Amino acid sequence: MGVFHDIHVGRLLEHITTTNWWWVALAIVFDILSYLCQGWRWQLLLRPISNLSVLRTTQAIYAGLFANEVLPMRFGELVRAYLVSRWISARFVTIIPSMAVERLFDGVWLGVAIGLTAMFVPLPKDLLEAGDILGIIVLIATGLFVYVIFRKQKAPAEQAAEPSNGWKPLQMVRSFIEHLASGLRAIGTSRFVYLALSLSLVFLVLQALAFWLILWGYGLRLSFWIGFVVLLIVHLGTAIPNAPANLGTYQFFCVVGLTLFGVDKTLATGFSVVVFVLFTVPLWVIGFVALSRSGMTLAEIRDEINRVRRQ
């Protein structure tokens, strides 16, 4: 693996063994709190269709994260959507709008974070360009979201008068878009949407604090803003679905981010391994428990999702 090329194994192990575990323990607490925050946000976005508890939505999120750790291509997103649809006895497609709004809110705050961070830390050109692209995508997505919310709806009589015949795949796409638009409209007009947007910021801050605390525990006394930039680089670098758990990709972008700020490659590589393990092991444990208590296995969920897709 390229990230481990030309490093000093002795120095790497020395830094790993001198990690301050008090900082690490606090970081893990913040990381778990971030997912509880995400669960609360998702619970608010699901309010138009159900009043599911925060513990349930957090359980689904952890089950999905566990699936992402063991399966490729972000299959965990489908897992958590299916579990929630099963718990509230709703159609699978009705859960998708809440998850789409989650991604939109995350994109909004990531774009804002990149802009604010640029005021305190000189950012790499590639990150600024990625931020510009992200900003354009978020603006377009926000515009579509606002359009869907305020678009004039057809009267029931007009909808009933529309012809239902046509090419079946086209009808399926049209039905999906209508369900998506209806769900987005319900979320956008909900009184909980602004609280959910605020929680998206809290979620990002908690994750940044967790990452920064492990930096300090590892002995890298970098500023919070530099730690935040490195986390942004890791987030952007692992945004495209790849290997299970982002193994290798996570380490690569973590090392890239740290070396941009003058951190020795051996030190950066050791940290990339430590932070990956420390965030992944609790996720595995909690995610495994969350999935096992759902009453279904990954194989059963995958079969059910495939059945729903064929309908």
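Quick one: is Val138 surrounded by 10 or more Cβ atoms within 10 Å (Cβ to Cβ), modelled with pLDDT of 85 or more and over 18 Å from Thr189 (Cβ atoms)?
Here the answer is yes, as Val138 does meet what is asked.
Kindly evaluate Ala81 against the criterion of being surrounded by 20 or more Cβ atoms within 10 Å (Cβ to Cβ) and not acidic (Asp, Glu).
For Ala81, the condition - surrounded by 20 or more Cβ atoms within 10 Å (Cβ to Cβ) and not acidic (Asp, Glu) - is met.
Of the residues Phe66, Phe4, which single one is over 26 Å from Leu195 (Cα atoms), buried (at least 22 other Cβ atoms within 10 Å of the Cβ) and modelled with pLDDT under 95?
From the options Phe66, Phe4, the qualifying one is Phe66.
Could you say which residue among Leu278, Leu283 is of a type in the set (A, V, I, L, M), within 20 Å of the chain's Cα centre (by Cα) and closer than 24 Å to Arg41 by Cα?
Testing whether each residue is of a type in the set (A, V, I, L, M), within 20 Å of the chain's Cα centre (by Cα) and closer than 24 Å to Arg41 by Cα leaves just Leu283.
What helices (runs of 4 or more DSSP H) completely inside the range 205-294 contain at least 2 residues that are of a type in the set (Gly, Ala, Ser)?
224-237, 265-292
Where the second residue is assigned to a helix (DSSP H, G or I) and the first is without any contact (Cβ under 8 Å) to a residue 40 or more places away in the chain and lies in the range 101-117, which pairs have Cβ atoms under 6 Å and are six or more apart or on separate chains?
Gly107/Val138; Gly111/Leu134; Gly111/Gly135; Gly111/Val138
Return the only residue of Arg80, Arg74, Arg91 being of a type in the set (D, E, K, R) and at pLDDT 90 or above.
Answer to the check: Arg80.
Has the range 263-275 got any residue that is in contact with a helix residue (DSSP H, G or I) (Cβ under 9 Å, 6 or more places away or on another chain), surrounded by fewer than 20 Cβ atoms within 10 Å (Cβ to Cβ) and under 27 Å from Met119 (Cβ atoms)?
The answer is yes; a qualifying residue exists.
Say we look at the range 181-202 and pick out the residues that are modelled with pLDDT of 90 or more, out of contact with any Phe, Trp or Tyr (no Cβ under 8 Å at 6 or more places or on another chain) and in a helix (DSSP H, G or I); which of these is surrounded by the most Cβ atoms within 10 Å (Cβ to Cβ)?
Filtering the range 181-202 for residues that are modelled with pLDDT of 90 or more, out of contact with any Phe, Trp or Tyr (no Cβ under 8 Å at 6 or more places or on another chain) and in a helix (DSSP H, G or I), the one surrounded by the most Cβ atoms within 10 Å (Cβ to Cβ) comes out as Ile187.
Do you know which residues across the range 268-308 are closer than 26 Å to Thr249 by Cα and of a type in the set (D, E, K, R)?
The answer is Arg302, and nothing else.
Which condition from (1) modelled with pLDDT of 80 or more; (2) assigned to a helix (DSSP H, G or I); (3) among the basic types (Lys, Arg) is the one that Arg174 breaks?
(1)
Kindly list the number of the only condition in (1) at pLDDT below 90; (2) under 18 Å from the mean Cα position of the chain (by Cα) that fails for Gln43.
Evaluating Gln43 over (1) at pLDDT below 90; (2) under 18 Å from the mean Cα position of the chain (by Cα) leaves (1) as the failure.
Is it the case, given these coordinates, that Ser98 is touching a Pro at 6+ places or on another chain (Cβ under 9 Å), part of a helix (DSSP H, G or I) and either under 19 Å from His179 (Cα atoms) or modelled with pLDDT of 90 or more (or both)?
Yes.
Looking at (1) within 14 Å of the chain's Cα centre (by Cα); (2) surrounded by fewer than 22 Cβ atoms within 10 Å (Cβ to Cβ), find the lone condition where Thr249 falls short.
Unmet for Thr249, out of (1) within 14 Å of the chain's Cα centre (by Cα); (2) surrounded by fewer than 22 Cβ atoms within 10 Å (Cβ to Cβ): (1).
Can you find a residue that is closer than 16 Å to Phe66 by Cβ, surrounded by fewer than 22 Cβ atoms within 10 Å (Cβ to Cβ) and without any contact (Cβ under 8 Å) to a residue 60 or more places away in the chain anywhere in the range 210-227?
No: the range 210-227 contains no residue that is closer than 16 Å to Phe66 by Cβ, surrounded by fewer than 22 Cβ atoms within 10 Å (Cβ to Cβ) and without any contact (Cβ under 8 Å) to a residue 60 or more places away in the chain.
The values are calculated or read from the model by the stated rules, or taken from the named source; none is laboratory data. Just so we're clear, the structure is a prediction, and the values are computed from it rather than from any experiment. Don't worry about glycine lacking a Cβ; one is built from the backbone with ideal geometry, like all the others, and counts go over all protein chains shown.
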